[in-house]
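Beneath this line is the structure, given in structure tokens, with notes to follow.
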Amino acid sequence: MRAMLKGIAASDGVACGRVYRFVEPDLRVKRRSITNLDYELNRFHQALEAAVSEVETIKTRATKNLGADSAQVFSAHIEMLQDPEFIGAIETQIKTEHINAEVALAGVAATYETKLKALTSTYMQERVSDLHDVTKRLTAHLLGVRLPDLALLKEPVVVVTHDLIPSDTVSVDAKYILGFVTDLGGRTSHSSILARSLNIPAVVGTQSATTELQEGATVIVNGSRGTVISEPTKPELAMAKQAMQDRTANMKRLATLRHHTTTSQDGMGVVLAANVGTVNDLPNILQNGAEAIGLMRTEFLYMDSDQLPTEDEQFVAYRQVVQSLAPRPVVIRTLDIGGDKPLPYLKQKPEANPFLGARAIRQSLAHQNIFRSQLRALLRASAFGNLRIMFPMIATLDELRQAKAIYDDERTKLTAAKVPMGKVKVGMMVEVPAAAMLADRFAQEVDFMSIGTNDLIGYTMAADRTNQDVGYLYQPYHPAILRLVDRIITAGHAAGIPVAMCGEMAGDPIAVPLLLGMGLDEFSMGAGSILKTRQLISQLNAKELQSLVETVLNSASTSQEVVTMVQAAVPDVLNQTD
């Protein structure tokens, strides 16, 4: 059925392909009386075999993308699916109660869950989540429905989903994703950031994609305009295919800039860095010509596990990143959980507003055992390259000083133990308006600052960036935001330290001329935006843009006025980035 949807243009480009609905199926089961027990037992064993085969495939993909340690959880799932006691209990239920296999499975799983929760061993209690996953997968096979899993994709598709969370995509193989379409989200949601980092067209916030787009339907996703067309006409298909060819040709042209430094038309050099979530992102950022890693989000290392990663597990991951980029700098942010990134195995009190609650550095200072373990792993990894450590969501000087004191304490202990370490620069993210207003004081106490615009905009505009009802308030070009950014850069330079930006604004073609004119030292963004931004900066005159910045800061009152001023100042250059 033909449909035309409008959403938010989240990642540029046009994609055309068949829909893969990444939507949770209805797994409710009904009790049925069984007369042919042999048939039911055979059906149960066929479902078991199919589930084991599926998990083995996922494990192979996860091992390739995430490493053997992260894939071990799937070994536990296979063991459970092949456990004679578990299988025997379900068979007994089918035989004695004359009930269908899915109901027998639910009953046995409930009994196992009760037993696991009663054990004092934390390890055994944590197996409850494994039991849930195994039960869900086996139930899906018994009901004859597909349990969506991006790790099982075998051909390129357009992924249509309600929303994406980080754990949905940790083992995805990007070559099978043509485009993303979501019901929810904005330009700074996880799905948007992922799409831009992979250079995949995406439209988010359509409200109704999962209800209007059917499995297998052909769709055109226009990530530049924010439109989705289902069952397109032949002329529309032809235009989409031409746009895809043009985009491929442009990407080949941009690829010639991969090994270039980033310099403005008048010779001002800046650093173009990449934001990454896992070691799996490394090939992509190197292919896209990143000069550094400006932000590595360590929380995905914690979220891709059912328990806290050990110090050694963290050390191995951090060392791989630092070593792969050496001698280029790698900025690793300490754990930023809470808000939209809770850890299920870390007990947290319910909060009315978690985005303003116990998250990021607040969690680290409250759970110092976790914080100290991470700092030790980072310091050990620093011996293998150019590491910089960054503290997130700093609001007060007391928080910064406490975090630095813990860092200094752990470094002193490792030094006494004669553990090899490199020279490490310590910095902070400026994403709380209070820190932005006191940037001159903070700049005296750190080696660098990095502006986290995703949260800075949300906190300044008092708007939850994940709430579509107030999405119109997420305005990176708002004069208030630009004044804060300029204030931070000026404060950093006055203190003699570099200032970076690791929010999505850093790769925004409207914002880049302003940031260049303000003197931003480092632009860190999704890997897919690096080469386009390098081309843009090479055509801009940084010194001339200083007058544009002065005009915008002194005269603009609205976001639209800022956009109009930038477009008037550099129209030809911006037209080339469309």
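Quick note: the coordinates plus some simple rules give every number you see, no bench work behind them. In this text, all values refer to a predicted model and were calculated from it rather than measured experimentally. Glycine gets a Cβ as well: all are built from the backbone with ideal geometry, and neighbour counts include every protein chain shown.
Annotations for the structure displayed:
- If R0 equals 45 Å, the separation of the Cβ atoms of residue 266 and residue 313 corresponds to a calculated FRET efficiency of about 0.45.
- Taking other Cβ atoms within 10 Å as a rough exposure proxy, 251, 565 sort from fewest to most as 251, 565.
- With the helix formula -39500 (n - 2.57) applied to DSSP H stretches of n ≥ 4, the chain reaches a computed 222 nm mean residue ellipticity of -15000 deg cm²/dmol.
- Electrostatic dipole magnitude of the chain [Cβ: Lys, Arg +1; Asp, Glu -1; Cα centre; debye, to 20]: 660
- In the chain, the DSSP beta bridges split such that about 35 percent are antiparallel, to the nearest 5.
- Ranking 226, 141, 375 by how far each Cα lies toward the positive end of the dipole of the chain (charges on Cβ) leaves 375 at the top.
- Computed on the chain, with alpha-carbon pairs under 8 angstrom and 6+ residues apart, the relative contact order is 15 percent.
- For the stretch 268-526, the antiparallel share of DSSP beta bridges with both residues in that region comes to about 5%.
- Euclidean distance of C-alpha centroids, the stretch 190-239 and the stretch 506-562, integer Å: 29
- Rel. contact order, % - alpha carbon contacts under 8 angstrom, at least six apart, the stretch 37-143: 32
- Pairs exceeding 24 Å between alpha-carbon atoms, taken from 154/234; 115/347; 347/425; 241/532; 95/117: 154/234; 347/425; 95/117.
- DSSP loop trypsin sites (Lys or Arg not before Pro) with at most 10 other Cβ within 10 Å: longest gap in the chain: 155-346
- Cα-based shape type of the stretch 195-296, given that a ≥ b ≥ c are square roots of the gyration tensor eigenvalues and the cut on a/c is 1.5: prolate
- Taking 189, 538, 557, 264 and counting other C-beta atoms within 10 Å, the order from fewest to most: 557, 538, 264, 189
- The relative contact order of the stretch 268-526 comes to 19 percent, based on Cα pairs under 8 Å that sit 6 or more residues apart.
- By DSSP, the beta bridges lying fully in the stretch 82-233 are antiparallel in about 35 percent of cases.
- Fully extended contour minus Cα-Cα distance, from residue 31 to residue 250, at 0.36 nm per residue: 73.1 nm
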